[in-house]
């Protein structure tokens, strides 16, 4: 118990958890020009693949189409206009209540703003609508982590891995949450798995384990 308190205190003091959350979301932005290229769920139910470049300052015209509002939300996201992105994604969900991509988008933007309760609600809705949406389960796990609900984070990260075996970011999130729960052995197991999936994340995790 004392070790768990020390670990939690250490993470809170250094904001390592926040850095972790940004690190495992960064894979969505670092290698592609737009968030729009990675948001589609496994079932590919919505084919919104507009080419939206981060340096394009044009704002899309208004429309009553959920897809148009969704695309607008993507563009606002890429421009860092978080509150405008939230407004657009919300409009998309009003028009199309089962639009899991828009809820996922909301979760991403709320995470950027560190409003974790809202992020949690949005990711929950995304997985409710699309139970095989591994990335949304990872987002849910991050929100749980940031809210200090590590056991819940472990559960949803495991779900993400069951849906998408070899999901390196989910293994990293799982390992960190094990560590915060004081389960160093399980965290080390996740590190071993990461050695075969993503050496950079494996190094980050073992550095945290060894602190």
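The values are calculated or read from the model by the stated rules, or taken from the named source; none is laboratory data. In this text the structure is predicted, and so the values were computed from the model without any measurement. Note: ideal-geometry Cβ built from the backbone for every residue, glycine included; neighbour counts use all protein chains shown.
Assorted remarks:
- Condition met for residue 114 (surrounded by fewer than 22 Cβ atoms within 10 Å (Cβ to Cβ), within 15 Å of the chain's Cα centre (by Cα) and more than 23 Å from residue 182 (Cα to Cα)): yes
- Among (1) assigned to a helix (DSSP H, G or I); (2) under 18 Å from the mean Cα position of the chain (by Cα) - the single one residue 165 does not satisfy: (1)
Residue-by-condition table, conditions (1) buried (at least 24 other Cβ atoms within 10 Å of the Cβ); (2) at pLDDT 90 or above; (3) farther than 28 Å from residue 167 by Cα:
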{"site": "65", "(1), (2), (3)": "no, no, yes"}
{"site": "85", "(1), (2), (3)": "yes, yes, no"}
{"site": "97", "(1), (2), (3)": "no, yes, yes"}
{"site": "102", "(1), (2), (3)": "yes, yes, no"}
{"site": "124", "(1), (2), (3)": "no, yes, no"}
{"site": "130", "(1), (2), (3)": "no, yes, no"}
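- Some residue of the stretch 52-62 being at pLDDT 90 or above and more than 22 Å from residue 136 (Cβ to Cβ): no
- Search result, residues across the stretch 154-202 that are within 21 Å of residue 127 (Cβ to Cβ) and surrounded by fewer than 24 Cβ atoms within 10 Å (Cβ to Cβ): 154, 155, 158, 159, 161, 162, 163, 164, 165, 166, 167, 168
- Here residue 148 fulfils each of the conditions (1) surrounded by 24 or more Cβ atoms within 10 Å (Cβ to Cβ); (2) part of a loop (DSSP other than H, G, I, E, B) apart from (1).
- Selection count, the stretch 175-201, where residues are touching a residue at least 24 places away in the same chain (Cβ under 8 Å) and more than 21 Å from residue 146 (Cα to Cα): 3
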